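The values are calculated or read from the model by the stated rules, or taken from the named source; none is laboratory data. Quantities reported herein were computed from a predicted structural model and do not represent experimental measurements. Quick reminder, even Gly has a Cβ in these numbers, built from the backbone with ideal geometry, and neighbours come from all protein chains shown. Remember, those area values only see protein heavy atoms, side chains included, never the ligands or the DNA or RNA. Shrake-Rupley method; radii C 1.70, N 1.55, O 1.52, S 1.80 Å.
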Amino acid sequence: MTKRALITGVTGQDGSYMAEFLLGKGYEVHGLIRRASTFNTSRIDHLYVDPHSPDARLFLHYGDLSDGARLTTLLAAIKPDEVYNLAAQSHVRVSFEEPEHTADTTGTGTIRMLEAVRLSGIQTRFYQASSSELYGATPPLQNEDTPFYPRSPYGAAKLYSFWITKNYREAYGIFAVNGILFNHESPRRGETFVTRKITRAVAAIKAGMQDYVYMGNLDAVRDWGYAPEYVEAMWRMLQADEPDDYVVATGEGITVREFLQTAFEHAGLNWEDHVRFDERYLRPTEVDALIGDASRARNKLDWVPTIRGKELARLMVDADIEALEHAGRPWIDKVQLDSWATSVVHGAAEQ
Ligand code: NAP
Ligand code: F7E
């Protein structure tokens, strides 16, 4: 029997890799997308097959985590075997500017999804995208027993989602799991997260399109892993015999400064010549250090990461240099090239 999955946040970094992964496993994949005035499906366009075709296995549905009635109707209609709740306002700095919206999407959105599962009465397995931001001020190493201390509206919203997922598991017997994922990146990472901001800037500086990139706190330590490996961990959680919560991390932390240095050096550049400080990128409360202990995932799910921090930096620099070279081809409209440069320099209200 073909398995059916529903992915919220299918247009995001993780959602796109998850769709790819599940299609590769023979699943029928349904994705929730938000209506926008411009196309927002660039990360999954390569997976799309006209739904009229008998070969189509990816189906997209309009919806929003703020619209509980729509989520309930969709769950009942699709009857998925597995739900991956990946949608969220996922930017920590932005959550200080839009705390209420973040609470509504990243927090309350989860209860709307869980209610949709409960009310549909179907036996679906539910994955909640929890985050290492739950640990916040609690120092590393962090594992499933480490106390939570969130440091942002984003972290606080994810804390609610973590506990309500656990509560629905205990109260209603739903196979609901939390993946407590540490930072994970890729060439598809949103352009305003620090890794991608850096690797895009390296590509643009190398190409002579800009001279500087403006950054905030370079002392923060993060445990950066590779997103395609992390979506496999999510899937493994839903294949387990019993529902549980799992840390997913590489176990190695490096500073933002070390990531910068590695990325610039990989392109033959000295980062100190090109990086400037802008306090705009500081946060009212910072998370100093996140390094995860993923022993439970290794022991129970047989999940082991292979790509970490500095290797990831090099991989992402290569991808952004190549992307820019493609954008610079003569048959591409110059406007596209300009808009790349402009968005790197001005950051399009970047964080
Ligand atoms: P992302 O690239 O920012 O993607 C977020 C997705 O959520 C996008 O598809 C976005 O749609 C969708 N979305 C946002 N608000 C929505 C709403 N109100 N209704 C429906 N969809 C909405 O995030 P990601 O990096 O893939 O992360 C996936 C999930 O894991 C998120 O929940 C994030 O908080 C969590 N997480 C991420 C990391 C990490 O390091 N990447 C670590 C731990 C946890 P649009 O494309 O239309 O904006
Ligand atoms: O910041 C510092 C910043 O925005 C990492 C999300 O996926 O992972 C992500 O949250 C660090 C922070 O990610 C800039 O202060 C310095 O210490 O890439 P980031 P994040 O806040 O760790 C967690 C696990 C999630 O769950 C989230 O969804 O880098 N930093 N200078 C900067 N950060 C940004 N964005 N821009 C800067 O200029």
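Only Cα pairs within less than 10 Å get springs; with that Gaussian network setup on the chain, which residue of SER130, SER95, SER53 has the largest fluctuation? Residue with maximal mean-square fluctuation among SER130, SER95, SER53: SER53. Sketch the reach of a paramagnetic label on GLN123 as a point 7 Å from Cα along Cα-to-Cβ, and name the residues of the stretch 60-89 whose backbone nitrogen lies under 17 Å away. Within reach of a label on GLN123: 79-83. Protein heavy-atom accessible surface, 1.4 Å probe, per residue over the chain: 45 Å². Extension gain, ASN270 to THR2: 0.36 nm times the residue separation minus the Cα-Cα distance gives 91.3 nm. Accessible surface of TRP235, taken over heavy atoms with a 1.4 Å probe and every protein chain present, rounds to 50 Å². Taking springs between alpha-carbon atoms closer than 10 angstrom, which of GLN142, GLN239, GLN13 fluctuates most in the Gaussian network model of the chain? Greatest mean-square fluctuation among the candidates belongs to GLN239. Rolling a 1.4 Å probe over the protein heavy atoms of the chain, with every protein chain left in place, gives an accessible area that is 49 percent carbon and sulfur.
From the helices alone, meaning DSSP H stretches of at least four residues, give me the mean residue ellipticity at 222 nm for the chain, per-run term -39500 (n - 2.57), in deg cm²/dmol to the nearest 500. Provide the component values of the computation, followed by the final result.
Numbers: 12 runs with 141 residues, N = 351.
Roughly -12500 deg cm²/dmol at 222 nm, from the helical runs in the chain.
Take the Cα of GLU232, go 7 Å toward its beta carbon, and the backbone nitrogen atoms of the stretch 11-28 under 18 Å from that spot belong to 14-27. Whole-percent P(r), the chain, all Cα pairs, 10 Å bins from 0: 5, 24, 34, 25, 10, 1, 0. For the stretch 258-298, the residues whose backbone nitrogen is under 13 Å from a point 7 Å from the Cα of ASP211, taken along Cα to Cβ, are 273-276.
Computed extension gain for TRP163 through GLU242, at 0.36 nm per residue and net of the alpha carbon distance, reaches 26.7 nm.
The distance between label points at ALA76 and ASP145 comes to 4.5 nm (points 7 Å beyond Cα on the Cα→Cβ vector). Helices of the chain meeting both criteria, an alpha-carbon length of 20 angstrom or more along the long axis and an average Kyte-Doolittle score not below -0.5, with helices taken as full DSSP H segments, are 309-327.
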